[in-house]
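These notes concern the structure reproduced below.
Rule-based calculations on the coordinates, nothing more; no lab input. Remember, predicted model here, so these are calculated numbers, not experimental data. Cβ: placed from backbone, ideal geometry, glycine included. Neighbour counts: every protein chain shown.
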Amino acid sequence: MTDDPTTTTTLAPAPISTTLAEDRIAVKFSAPNGAPAFAVRWHGAVYAYINQCPHAGGPLDFEGQIIESSGRFLMCARHGAIFEPDTGKCVGGPCRGARLTPLTVHEKADGSIWPGQAG
């Protein structure tokens, strides 16, 4: 095999996660544009967002933990802002009314989570 600079290699798509438990732990991944992102399972559904608080711009999670202790909200570990897991809307804290940036993901029958829409 020769090294041909005109040849490109296409990497096979990879899942974001092969399992995503409903345990308050986020799975972190890179969005298609390279931005840090996370996915969580909440009430059986999977939601994904850019991992950036609209208040201060830092990541929401602390060591992957992103769902607060009651299990009702996503929470910014830095300033305590809380967000609805299914909409990304801030419902308490310094960025009330702002929203997390959502990402499209889908779940396959085997429980794996993939970027983009099912196809």
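Here is the list for region 78-119: trypsin sites (Lys or Arg not before Pro) lying in DSSP coil, each with at most 16 other C-beta atoms within 10 angstrom of its C-beta, are Arg78, Arg96, Lys108.
The label-point distance for Thr104 and Ala77, in a model that sets each label 7 Å from Cα toward Cβ, rounds to 3.1 nm. Of the options [x] 1.54; [y] 1.06; [z] 1.21, only one is Cα Rg over 2.2 N^0.38 Å as computed from these coordinates, and that is [z].
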